[in-house]
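Report on one structure; see the data block that follows.
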Amino acid sequence: MNLGLQGRVALVTGADSGIGWNTARLLLAEGATVVLSDRRQDALDDAASRLTGNVRAFAADVTSGEDLRRLRTRVHNAVGEIDILVQSAGITGAQGLFHEIDEAGWRSTVEVDLMGPVLLTQTFLADLRHGGWGRIVYVASEDAVQPYDNELPYCAAKAGVLSMAKGLSRSYADEGLLVNCVSPAFIRTPMTDAMMRTRSERLQVSFDEAVDSFLDEERPYMELGRRGEPEEVANVIVFLCSDRASFVNGANYRVDSGSVATI
Ligand code: NAP
């Protein structure tokens, strides 16, 4: 299937690893020009060197308006305005039951996982409204609609992203700007590797045993019984970025093998 992405310009955040990097790889394979962004330039340069196609890499912290304005200038100078924005930057943030997380824990998590997408969208909205065609895909999480009580700042921030995306999808659709989310569960990336290393230390078990017990005890509805691969999320993101998703707007695609228990 021709996805119609040849010549489109995409910006992907959180792009030096995991879901973001795999999305960039698949967009490049479809002939898009892709700008990778993440926090560290050295890691981005390494990530870009493992890709083929028309790729650039510029660091920016999504919580910094100043960084994002500089990123916009660098993107415009290098490749012009963007048509596609994939917001994948994120952190697990403060962990623990409600009484264990202080104000700083809440603020630092919401700052990245909710305010990051807000500031990024503000910075690039004008690009995406030009030309009568645009796509935004936010990487939310299963946690947005099925909150786990040991990571409520993350759950609340991701729920905020879903809400913002749904509202935003109404504002500029008649100009051709379509806005959607994907909500993964337990994907094999550095983010969940770190979670599983912590779990294996806490339970005094191997890494693989930590993954298996997490699936059994914490994610009982992940019916495929394994972690997802980042490419399995990236495939859905790239579809949502494409011409083939021309009637998809305001949607939240779950890529979770059934983890969210409701219909
Ligand atoms: P990942 O490989 O760790 O990717 C997240 C990236 O975001 C990292 O490269 C990280 O940079 C970057 N980042 C963090 N804070 C940032 C900031 N302030 N500014 C710019 N970049 C920042 O993990 P991933 O699993 O692919 O995560 C991608 C997205 O999927 C996240 O939004 C996450 O919440 C979401 N998600 C993941 C899963 C899962 O199971 N993996 C499930 C549901 C949702 P550093 O490396 O420098 O920290």
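Points worth noting:
- Sorted on the mean count of surrounding Cβ atoms within 10 Å across their residues, most packed first, peptides 120-128, 83-91 read 83-91, 120-128.
- In a fully extended conformation the segment linking ALA78 and GLN204 would gain 40.4 nm over its present Cα-Cα distance, using 0.36 nm per residue.
- You can think of it this way: the chain between ARG107 and SER171 has 20.2 nm of extra reach, that is 0.36 nm per residue less the Cα-Cα gap.
- Of all accessible heavy-atom area on the chain, the percent that carbon and sulfur account for (1.4 Å): 50 percent
- Length available on full extension from VAL248 to ARG70: 0.36 nm per residue minus the Cα-Cα distance, which gives 60.9 nm.
- Across the chain, the longest piece that holds none of the trypsin sites (Lys or Arg not before Pro) lying in DSSP loops with up to 15 other C-beta atoms within 10 Å covers 51-225.
- Accessible surface, per residue, of region 118-263 when the full set of protein chains is kept, probe 1.4 Å, Å²: 46 Å²
- A simple charge model with +1 on the Cβ of Lys and Arg, -1 on the Cβ of Asp and Glu and nothing else charged puts the dipole of region 112-263 at about 520 debye relative to its Cα centre.
- The long axis of helix 230-241 is offset from the longest Cα principal axis of the chain by roughly 40 degrees.
- Projecting the Cα positions of ALA32, VAL255, LEU51 onto the charge dipole of the chain (unit charges on Cβ atoms of Lys, Arg, Asp and Glu, taken about the Cα centre) puts ALA32 furthest along the positive direction.
- The phi torsions of region 47-52, fed into the Karplus equation with coefficients 6.51, -1.76 and 1.60 and a -60° offset, translate into couplings of 4, 5, 5, 9, 10, 10 Hz, rounded to whole numbers, with Gly and Pro shown as x.
The values are calculated or read from the model by the stated rules, or taken from the named source; none is laboratory data. Bear in mind that the values here come from a model prediction, so they are computed numbers and not experimental data. Ideal geometry is used to build each Cβ from the backbone, glycine not excepted, and the neighbour counts take in all protein chains shown. The protein model used for the area step is the full one, side chains on, heavy atoms only, and it has no ligands, DNA or RNA in it. Shrake-Rupley method; radii C 1.70, N 1.55, O 1.52, S 1.80 Å.
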